[in-house]
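Bear in mind that the values in this text are calculations on the coordinates, not laboratory data. This is a predicted model, so every value here is computed, not measured. With ideal geometry, Cβ positions are generated from the backbone for all residues, glycine too; neighbour counts draw on all protein chains shown.
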Amino acid sequence: MFAMLGGGAAPGALDIQFANLRSQKGLIRICLTAYPKNFPGCTDDRNAITRSVHASDGRTHITGLPSGDYALALIHDENSNAKLDTFAGIPKEGIGFSRNPTLGFGPPKFAAAQFGMSTGTVTQSVKMKYFL
C-alpha cells in the first residue's frame, strides 16, 4: 500500500503528534493522502493510509512513505463510534489538519494542509480544535 502513494523513489517516515486534546478518551482517527480530491475523508482513496490510535498515545509514526506532497486529517473520536459526531453540521468532536490551517466553514483545502515528504523523518504536530 505504501509504495503506491506519492511518486518519489526514496521512502521517508512521518511522525504525527497530536496536541490540545480535551480528553484522553477514545481514538484519534488519521487519514493521510497524497490526492487532493480525496482530502480530508480518504473515503474514495484506495491508496490513503488510515489508522486509529488511542488518544492517550499522543503520537504515531508511519514509515515507508515515498517522496511527494501529502495532507493529514485527524478526528478525535472520543466515543469510539468510528465517525465524526456533529450537531447542525458543526463537529462535536475534535478535528485537526497538518500545518494547522485556520478553520472556517468546512474543512480546509488540500493545499492549506499540504506538506512535503522526502527521505528521513518529517514531523507534523497537529493541534486539535473543538467547536462544541
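Under 12 Å Cα to Cα from LYS129, which aspartates and glutamates show up? Leave out anything in the same chain fewer than 8 places away.
GLU93
Under 5 Å between amide H atoms, partner at least 5 residues away or on a different chain: which partners does THR121 have, H built in plane at 1.01 Å?
Answer set, sorted by chain and number: ALA13.
Roughly how far apart, in whole Å, are the Cα centres of region 15-68 and region 107-132?
First find each Cα centre; the distance between them is then 9 Å.
Along Cα→Cβ, 7 Å out, is where each label goes; now give me the distance between the ones at ASP15 and ASP85 in nm to one decimal.
Result: 3.3 nm between the two label points.
Report, in debye and to the nearest 20, how large the dipole of region 2-127 comes out about its Cα centre when Lys and Arg carry +1 and Asp and Glu carry -1 on their Cβ.
With Lys and Arg at +1 and Asp and Glu at -1, about 140 debye.
With an 8 Å cut-off on Cα pairs and a minimum separation of 6 or more residues, tell me the relative contact order of region 2-127 in percent.
Rounded, it is 37 percent for region 2-127.
When the helix-only estimate is applied to the chain (DSSP H runs of n ≥ 4, each -39,500 (n - 2.57), divided by the residue count), what is the mean residue ellipticity at 222 nm, nearest 500 deg cm²/dmol?
-500 deg cm²/dmol
In the chain, what percentage of the DSSP-assigned beta bridges are antiparallel, given to the nearest 5?
80 percent
Please go through region 73-129 and write out the chymotrypsin sites (Phe, Trp or Tyr not before Pro) that DSSP classes as loop and that have at most 14 other C-beta atoms within 10 Å.
For chymotrypsin sites (Phe, Trp or Tyr not before Pro) across region 73-129 that sit outside H, G, I, E and B with at most 14 neighbouring Cβ atoms in 10 Å, the list reads PHE105.
Could you give me the radius of gyration and the Dmax of region 2-127, taking only the C-alpha atoms into account and expressing both in angstrom?
Rg, Dmax (Cα atoms, Å): 13.9, 44.
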